Amino acid sequence: MRIALMAIILIALLGNITACQSPEAISFMIEQDAEAKTVTGSGEKQNVSVTTYFSTDSTVGEVVGNDVFKGFGQFLFPNGGNTRNASLKLSNIGSLVPYHSNIKTDTTVDTLNYMYSAANAGQTIFYDIYTDSEKQAEPSKSDTGLFLFRGKPNAPFAVICAGGGFSYVGSIHESFPLALELSKKGYNAFAIQYRTGGADVACEDLAAALTFIFENAKTLQVDTDGYSLWGGSAGARMAAYLGSYGAVAYGGGDLPRPATVVMQYTGHTDYTENDPPTYVCIGENDGIASPQTMERRVNSLKALGIDTEFHLYPNLGHGFGLGIGTSAEGWWKDALTFWEKHLPEKNAITVPTELTTIPQEYYSPAKQQGTLAELNYDTYESKTYAQKTQKLTKRAIVYLPYGYSDDKQYNVFYLMHGGWSNETGTLGTPDRPSPFKNVIDNAIAAGDFEPLMIVCPTYNNTSPEDSGSFSLALELNRNYHNELLNDLIPAVEGKYSTYAQSTTPEDLTASRDHRGFGGFSMGSVATWRTFQNCLDYFRYFLPMSCGTSLDEEYIFAAAETHVPSVYFVWLITGTKDFAYSYDESRAGLMRKSPYFTEYANFAYSVKEGYSHDGLASMEYTYNGLSLFWNTNKY
């Protein structure tokens with residue numbers, strides 16, 4: 001399995017894209033921006049392999065003086081610009097962070113190699129938060145900035161404030177490693193370099209940093225809704241102050257308060273009745289910050305009705321960072337779960353308690369009729385797709401709503417057929433539309449859902465009879481993502497008006513909120529494989545009556561590096577359907593999975609008395625389309 005995965009990744013890197021996403025352990029997406037207070041740039045991305053450049057024997061001077069860190073290398077370590085530290089090996093950097101403990105050299109080296117690889121590939125990893133004129137007026141502001149560890153485009157962001165008693169900024173131990181972990185989970189994580197000397201100037205810098213992010217959110221590709229502030233020790237005080245009083249109180253913009261504040265080991269006591277939900281953790285042997293003081297503050301917030309969590313870890317002192325190898329190991333995952341609980345729901349979905357029956361009159365031709373178009377496109381034989389030795393021309397049926405115009409943008413739903421069928425099985429052909437095409441026309445005319453495009457492709461490969469073989473259909477659907485991403489989607493969305501600005505991977509992923517995939521029976525297998533391989537490109541998934549077991553563990557794991565709120569899966573089946581037992585089991589697995597929360601990013605509905613037939617397929621699809629992109633319907 002591991003060898004096969006590596007082969008797929010190498011093919012994707014060396015040739016055309018043959019998988020919709022690459023594991024972040026092998027490569028990561030980087031983005032190149034112009035460096036300025038106001039960020040400009042096209043957001044061009046490229047795959048970059050993480051290079052092992054530094055080792056435990058590397059010195060602070062070698063890191064700080066590396067050309068890829070020019071202009072900000074001095075901020076990688078406390079007092080990094082001090083030549084007295086230049087010969088210090090990375091294995092001994094604990095002496096630079098005297099208020100911290102549990103220094104893990106391997107973590108330091110891994111983090112620096114990640115940052116080196118990104119910067120060496122052209123990514124802007126450091127941003128100034130003050131303009132040149134502001135720095136000229138107050139030279140100390142030159143000692144500030146933001147390091148960015150990129151997650152998924154347009155995912156929420158976190159700002160992490162390292163501690164150091166306001167005498168140094170311990171980012172190399174606290175904020176950099178934590179930011180890297182959050183970015184691996186799909187979030188955009190900033191680590192702030194702030195001025196030392198006291199809480200006031202540090203909070204002023206944090207307020208300026210937040211203002212910078214909000215003003216440049218579009219170019220930075222971060223979502224400002226539901227952001228969080230994290231901090232350790234002195235950094236936790238900064239996060240708490242901004243959570244209590246807002247950026248405007250420290251000279252920043254009039255910005256929303258954070259959705260969550262995460263605090264590690266600090267004696268901060270100040271709070272207000274307007275404080276955001278707060279997560280707190282500390283070691284019971286902390287000799288700098290009092291656990292009792294932290295717990296009293298948490299209890300005061302709780303008494304005001306503010307959601308809080310307090311975690312006390314045994315046999316642990318101050319400044320433990322990620323807590324690797326201690327009783328606190330993994331604390332940040334608990335804190336992330338706490339933050340996710342308080343993220344605003346994007347396009348919140350309320351699934352109806354009962355599925356809607358299609359009105360009988362909808363099966364008759366509508367007064368306002370959409371059109372069906374045949375779209376021919378080139379692709380390659382499925383089993384040897386990577387070699388591209390056998391070229392195929394295939395057809396998809398595309399539904400265009402009544403009044404379609406290139407001047408408008410449309411959501412697009414890719415709808416795969418089941419077994420013993422093809423691309424015409426659901427909506428028919430332009431000459432012979434199916435009754436379900438009438439249903440779509442009438443539903444749009446009645447306002448059941450907004451005008452949208454529907455694309456009906458086929459996983460049939462070299463023969464129209466391929467879908468008649470169960471084992472072959474399973475194999476073809478396992479491979480279908482290659483054709484879907486490289487050939488079908490560009491053909492459709494290069495010709496018709498969707499939310500994708502172009503058919504580059506960057507623009508297709510940026511428009512994923514406006515794309516869905518679904519299918520009945522064997523089409524639901526295609527839906528799950530699309531979830532597994534193309535989650536970066538689709539938001540909504542409608543697997544209906546999947547009458548077979550799949551490798552669910554691997555399929556679900558595709559969501560590991562994605563924010564849970566950015567995808568939604570709706571399973572539907574019927575009580576008399578042979579697929580019922582399979583979907584019951586699958587829904588149970590989803591409830592146990594860390595990647596799904598019922599009624600938040602997945603739902604499971606069962607239609608009483610329905611079997612595995614065309615009526616079920618039409619009604620389930622109608623209900624799905626009535627829900628996706630129609631958040632005010634229920």
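Numbers for the structure displayed
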quantity: Residue within segment 187-202 that is assigned to a helix (DSSP H, G or I), open to solvent by less than 40 Å² (accessible area, probe 1.4 Å) and under 20 Å from Val262 (Cβ atoms) present; calculated: yes
quantity: Residue among Gly370, Gly418, Gly403 that is touching a strand residue (DSSP E or B) at 6+ places or on another chain (Cβ under 6 Å), of a type in the set (Gly, Ala, Ser) and under 19 Å from Ile444 (Cα atoms); calculated: Gly370
quantity: Filter result for Leu589 (open to solvent by 70 Å² or more (accessible area, probe 1.4 Å), more than 27 Å from Phe449 (Cα to Cα) and among the aliphatic types (A, V, I, L, M)); calculated: yes
quantity: Residues located in segment 502-550, provided they are out of contact with any His (no Cβ under 8 Å at 6 or more places or on another chain), in contact (Cβ under 8 Å) with a residue 60 or more places away in the chain and among the aliphatic types (A, V, I, L, M); calculated: Ala510, Ala526, Leu542, Met544
quantity: Residue match in segment 358-380 (condition: within 32 Å of the chain's Cα centre (by Cα), in a loop (DSSP other than H, G, I, E, B) and surrounded by 14 or more Cβ atoms within 10 Å (Cβ to Cβ)); calculated: no
quantity: Wholly within segment 528-634, helices (runs of 4 or more DSSP H) carrying at least 2 residues that are more than 27 Å from Asp441 (Cβ to Cβ) and at pLDDT 95 or above; calculated: 552-556, 580-592
quantity: Some residue of segment 265-276 being crowded, with 23+ Cβ neighbours inside 10 Å, part of a strand (DSSP E or B), at pLDDT 95 or above and touching a Ser or Thr at 6+ places or on another chain (Cβ under 9 Å); calculated: no
quantity: Selection count where residues are under 34 Å from the mean Cα position of the chain (by Cα) and part of a loop (DSSP other than H, G, I, E, B), scope segment 59-97; calculated: 10
quantity: Selection count, segment 431-490, where residues are farther than 30 Å from Tyr362 by Cα and of a type in the set (Gly, Ala, Ser); calculated: 5
quantity: Check on Gly419, under 20 Å from Arg478 (Cβ atoms) and among the small types (Gly, Ala, Ser); calculated: yes
quantity: Subset of segment 277-312 (residues that are open to solvent by less than 30 Å² (accessible area, probe 1.4 Å), more than 28 Å from Gly226 (Cα to Cα) and of a type in the set (A, V, I, L, M, F, W, C)); calculated: Ala289
quantity: Conditions (1) on the phi < 0 side of the Ramachandran plot; (2) modelled with pLDDT of 95 or more; (3) touching a Gly at 6+ places or on another chain (Cβ under 6 Å); number of the one not met by Tyr187; calculated: (2)
quantity: Residue in segment 501-515 that is open to solvent by less than 10 Å² (accessible area, probe 1.4 Å) and not in a helix (DSSP H, G or I) present; calculated: yes
quantity: Asn315 being outside any loop (DSSP other than H, G, I, E, B) and either out of contact with any helix residue (DSSP H, G or I) (no Cβ under 9 Å at 6 or more places or on another chain) or crowded, with 20+ Cβ neighbours inside 10 Å (or both); calculated: no
quantity: All positions within segment 278-325 that are among the hydrophobic types (A, V, I, L, M, F, W, C) and closer than 24 Å to Asp106 by Cβ; calculated: Cys281, Leu316, Phe320, Leu322, Ile324
quantity: Of all residues making up segment 566-586, the number that are open to solvent by less than 30 Å² (accessible area, probe 1.4 Å), aliphatic (A, V, I, L, M) and either within 19 Å of Glu354 (Cβ to Cβ) or within 17 Å of the chain's Cα centre (by Cα) (or both); calculated: 3
quantity: Subset tally (residues that are open to solvent by less than 20 Å² (accessible area, probe 1.4 Å) and closer than 18 Å to Trp528 by Cα) for segment 413-432; calculated: 6
quantity: Every residue from segment 592-634 that is open to solvent by 20 Å² or more (accessible area, probe 1.4 Å), of a type in the set (Gly, Ala, Ser) and touching a residue at least 24 places away in the same chain (Cβ under 8 Å); calculated: Ala600, Gly609, Ser611, Ser617
quantity: Identity of the residue in segment 228-244, among the small types (Gly, Ala, Ser) and assigned to a strand (DSSP E or B), that ends up nearest to Pro276 (Cα to Cα); calculated: Ser228
quantity: Members of segment 433-475 that are of a type in the set (D, E, K, R) and either open to solvent by 60 Å² or more (accessible area, probe 1.4 Å) or under 27 Å from Leu355 (Cβ atoms) (or both); calculated: Lys437, Asp441, Asp448, Glu450, Glu465, Glu475
quantity: The listed residue being of a type in the set (A, V, I, L, M), open to solvent by 10 Å² or more (accessible area, probe 1.4 Å) and under 29 Å from the mean Cα position of the chain (by Cα), out of Leu255, Leu229; calculated: Leu255
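The values are calculated or read from the model by the stated rules, or taken from the named source; none is laboratory data. In this text the structure is predicted, and so the values were computed from the model without any measurement. Glycine gets a Cβ as well: all are built from the backbone with ideal geometry, and neighbour counts include every protein chain shown. To get the accessible areas, we keep the full protein, side chains included, count just its heavy atoms, and leave off ligands, DNA and RNA. Shrake-Rupley method; radii C 1.70, N 1.55, O 1.52, S 1.80 Å.
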